[in-house]
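Q: Sharing a structure here in structure tokens format.
The values are calculated or read from the model by the stated rules, or taken from the named source; none is laboratory data. What you see is a predicted model; the values in this text were computed from it and never measured. Neighbour counts are summed over all protein chains in view; Cβ atoms, including those assigned to glycine, are modelled from backbone coordinates with ideal geometry. Please note that ligands, DNA and RNA were not included when accessible areas were found on the heavy atoms of the full protein model with its side chains. Shrake-Rupley method; radii C 1.70, N 1.55, O 1.52, S 1.80 Å.
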Amino acid sequence: MRTHYCGQVTAAHLDQIVTLCGWVHRRRDHGGVIFIDLRDREGLAQIVCDPDRPDMFQTAEAIRNEFCLKLTGKVRRRPAGTENPSLTSGEIEVLCHDIEILNVSAPPPFQLDDDNLSETVRLTQRVLDLRRPQMQKNLKLRYKAAMSFRRFLDAHGFIDIETPMLTKSTPEGARDYLVPSRVHAGQFFALPQSPQLFKQLLMVAGFDRYYQITKCFRDEDLRADRQPEFTQVDIETSFLDETGITALMEEMIRVVFRETLAVELPDPFPRMTYTEAMNRYGSDKPDLRVTLEITEITDAVKDVAFKVFSGPANTGGRVAALRIPGGASLTRGEIDEYTRFVGIYGARGLAYIKVNDASQPNETGLQSPIVKNLHETALRTILERTGAQSGDLIFFGADKTKTVNDALGALRIKLGHEKGYVTGEAWRPLWVVDFPMFEYDEEDKRWVACHHPFTSPKDEHIARLKSNPGECLAKAYDLALNGWEIGGGSIRIHRADVQEAVFDALNIGPEEQRLKFGFLLDALKFGAPPHGGLAFGLDRVVTMMAGAESIRDVIAFPKTQRAQCLLTSAPGAVDEKQLRELHIRLRQTQGEATAG
């Protein structure tokens, strides 16, 4: 029906007859001459309708925004001074000879070039929202990135293999989405949180290089970078160690950014241990563009009179400082605002010291209500370790280690970007390695896996699985970029005895092991090869590439933060017949129907 896309007609097509199809982005009547901006996925073309063709002009007069058109005309150069350099077609216009209205449109509920639409409106009217040039650009960028991933993996011998969407419920960290079985009453499938177990089985089966761009499902609380269903570039390989896998994946990410954005990422990516990242930045995915760093002072304040510091310092907590160069100029109102901010992360306050004269580590040179409760040796140590100078401000966190890390880590990012403590670099990737195998769950009083229970411990730490799980480090690695975790993975456990030892450390007994993971344990006994892998969050990668605020802006039909689809009104009720077939009865609880 057409010869060209609207956005691809250029001066190279001058004097040619073209046929275009698309939607009316804008119609303008200029004293007898009608201009139409016709839009398709590749961009806009300006159409000129002169009244010297009465039938065509009469049709043009009836056209309104979002009508779907087919038109034919001659490409000519725009009059001097009317060119639009922001458009690929900005040098030309099409003098229309014939118009066919393929379909009319109801008046759209919003203008497609309105940048102030609420997300509720956008998601409810998602089809129209997707017509907006920015959304068209975002989804094309997503396609381009996905194809770059595929080309790289195909070129390096990886095979695309699908894994099941209906599988067994296994504890992998988040809550499963369950699917009731009609055939097997009272039993359920689970939607996969990831293809983790199946890709390990593929390694045992001899497919030594697997990948899949696949949907994963997690029933968890949402935020800007999470969805109940999300897309992973899932990768697994045999006979490569941590160094080999991270080197190959680093090359892939570098190629994807080069092909998709024409961006050259640093070579090589820096590496940092988990412990160093938490100590210096309070995060295992630090934004290295921010120059502020956290300083450890726990040992320096154990004997001070200020109980807010000495309490945590003597009971296994953490006391840390965050130096803000030139921060003494912060107002009391700004400090109060930052105090409220860290409260979101569990901090009960935000102590500070303004450094008026760094040469006097006492109440003369330092300004703060807490100075009088800190002896001069502690104050001198704080100034030396933080490198504080006159005119600086030091914020403090004192509490359980996790609370301090979360609060100061978030404050570091907020202050860094708000006050300009950044390097100016566009992209700062970082490999974070040597994660702990386990973390202790105070509520359940047991060890839980930091990544997942199939991650291999360091070889020299296998013996500690029974004696001291808290000291075990994992063969795990995450790739962080600008403060986002874009990929994570590990070397997997390929020996049945080690896997059983890890399950024991996690207090997953033999019966539960057989019930939930028997098929994996059985497979590992048949000559399972050493293997490992990594999964990249495609939604997150493209969100960063697009400069979008939320992954919802790079997903065609996303859910809200309440896990709802406003376009289709899902989730929704089903009729009684369907429930009976699934052996489900609803019960009323506080006015709401719940499954029973």
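Q: Of everything in the range 531-544 that's under 11 Å from the mean Cα position of the chain (by Cα) and not basic (Lys, Arg), which residue is surrounded by the most Cβ atoms within 10 Å (Cβ to Cβ)?
A: The residue in question is VAL541.
Q: Could you check the range 481-503 and list, in sequence order, the residues that are assigned to a helix (DSSP H, G or I) and surrounded by fewer than 16 Cβ atoms within 10 Å (Cβ to Cβ)?
A: Scanning the range 481-503 gives a single hit, ASP497.
Q: I'd like the full set of residues that are in contact with a Leu (Cβ under 9 Å, 6 or more places away or on another chain) and either among the basic types (Lys, Arg) or more than 24 Å from VAL433 (Cβ to Cβ) (or both), limited to the range 231-272.
A: THR231, ARG254, ARG258, THR260, LEU261, ARG271
Q: Moving to a separate point now. If a residue must be touching a helix residue (DSSP H, G or I) at 6+ places or on another chain (Cβ under 9 Å) and surrounded by fewer than 15 Cβ atoms within 10 Å (Cβ to Cβ), how many such residues does the range 545-556 contain?
A: 2
Q: Pull up the range 355-380, narrow it to residues that are among the hydrophobic types (A, V, I, L, M, F, W, C) and part of a loop (DSSP other than H, G, I, E, B), then point me to the one that is farthest from GLY327 (Cα to Cα).
A: Across the range 355-380, the extreme among qualifying residues is LEU374.
Q: In the range 288-308, what residues are among the charged types (D, E, K, R) and touching a Phe, Trp or Tyr at 6+ places or on another chain (Cβ under 8 Å)?
A: Once the filter is applied, which keeps residues that are among the charged types (D, E, K, R) and touching a Phe, Trp or Tyr at 6+ places or on another chain (Cβ under 8 Å), the range 288-308 yields only GLU293.
Q: Further question: Which residue pairs have Cβ atoms under 7 Å apart, sit 6 or more places apart or on different chains, and have a first residue in the range 512-532 that is over 22 Å from THR237 (Cβ atoms) and without any contact (Cβ under 8 Å) to a residue 24 or more places away in the chain and a second that is surrounded by 12 or more Cβ atoms within 10 Å (Cβ to Cβ) and not β-branched (Val, Ile, Thr)?
A: Final answer for the pair search is GLN513/GLU500; GLN513/PHE503; GLN513/LEU521.
Q: Continuing with this model, one more query. Exactly one of (1) assigned to a helix (DSSP H, G or I); (2) out of contact with any Ser or Thr (no Cβ under 8 Å at 6 or more places or on another chain); (3) under 19 Å from CYS450 (Cβ atoms) is unmet by ASN507. Its number?
A: Of everything listed in (1) assigned to a helix (DSSP H, G or I); (2) out of contact with any Ser or Thr (no Cβ under 8 Å at 6 or more places or on another chain); (3) under 19 Å from CYS450 (Cβ atoms), ASN507 misses just condition (1).
Q: Would you tally the residues in the range 92-108 being assigned to a loop (DSSP other than H, G, I, E, B), open to solvent by 80 Å² or more (accessible area, probe 1.4 Å) and in contact with a Leu (Cβ under 9 Å, 6 or more places away or on another chain)?
A: Count: 0.
Q: Go through (1) closer than 17 Å to CYS21 by Cα; (2) out of contact with any Lys or Arg (no Cβ under 9 Å at 6 or more places or on another chain); (3) basic (Lys, Arg) and name the single condition ARG77 misses.
A: Only one criterion in (1) closer than 17 Å to CYS21 by Cα; (2) out of contact with any Lys or Arg (no Cβ under 9 Å at 6 or more places or on another chain); (3) basic (Lys, Arg) is unmet by ARG77, namely (1).
Q: For the range 71-91, which positions are open to solvent by 70 Å² or more (accessible area, probe 1.4 Å), in contact (Cβ under 8 Å) with a residue 40 or more places away in the chain and either part of a strand (DSSP E or B) or more than 25 Å from ALA548 (Cβ to Cβ) (or both)?
A: LYS74, ARG76, ARG77, GLU91
Q: On the given criteria, is ALA407 in contact with a Pro (Cβ under 6 Å, 6 or more places away or on another chain), within 27 Å of GLY483 (Cα to Cα), of a type in the set (Gly, Ala, Ser) and buried (at least 22 other Cβ atoms within 10 Å of the Cβ)?
A: No.
Q: Here is a further query. Among the residues of the range 381-427 satisfying the criterion of being part of a strand (DSSP E or B) and not β-branched (Val, Ile, Thr), which is farthest from the chain's Cα centre (by Cα)?
A: Across the range 381-427, the extreme among qualifying residues is LEU393.
Q: Sticking with this one: Among the residues of the range 1-52, write down those that are in contact with an Asp or Glu (Cβ under 8 Å, 6 or more places away or on another chain), part of a loop (DSSP other than H, G, I, E, B) and in contact (Cβ under 8 Å) with a residue 40 or more places away in the chain.
A: Answer for the range 1-52, where residues must be in contact with an Asp or Glu (Cβ under 8 Å, 6 or more places away or on another chain), part of a loop (DSSP other than H, G, I, E, B) and in contact (Cβ under 8 Å) with a residue 40 or more places away in the chain: just THR10.
Q: Hey, can you tell me all the residues within the range 152-197 that are without any contact (Cβ under 8 Å) to a residue 24 or more places away in the chain and open to solvent by 60 Å² or more (accessible area, probe 1.4 Å)?
A: Answer for the range 152-197, where residues must be without any contact (Cβ under 8 Å) to a residue 24 or more places away in the chain and open to solvent by 60 Å² or more (accessible area, probe 1.4 Å): ASP154, ALA155, LEU178, VAL183, HIS184, GLN187, PHE188, PHE189.
Q: List the strands (runs of 3 or more DSSP E) that sit entirely inside the range 239-348 and contain at least 1 residues that are surrounded by fewer than 21 Cβ atoms within 10 Å (Cβ to Cβ) and under 21 Å from the mean Cα position of the chain (by Cα).
A: Once the strands (runs of 3 or more DSSP E) in the range 239-348 are filtered for at least 1 residues that are surrounded by fewer than 21 Cβ atoms within 10 Å (Cβ to Cβ) and under 21 Å from the mean Cα position of the chain (by Cα), what remains is 271-273.
Q: Can you say whether LEU128 is outside any helix (DSSP H, G or I), under 19 Å from ALA548 (Cα atoms) and open to solvent by less than 50 Å² (accessible area, probe 1.4 Å), as far as the supplied structure shows?
A: In short, no.
Q: Does the range 459-480 hold any residues that are part of a helix (DSSP H, G or I), touching a residue at least 12 places away in the same chain (Cβ under 8 Å) and within 30 Å of TYR281 (Cα to Cα), and which are they?
A: HIS461, LEU465, PRO469, GLY470
Q: Is it the case, given these coordinates, that GLN513 is surrounded by 17 or more Cβ atoms within 10 Å (Cβ to Cβ) and assigned to a helix (DSSP H, G or I)?
A: yes
Q: Quick one: is LEU465 over 15 Å from PHE435 (Cβ atoms) and aliphatic (A, V, I, L, M)?
A: Against the criterion (over 15 Å from PHE435 (Cβ atoms) and aliphatic (A, V, I, L, M)), LEU465 qualifies.
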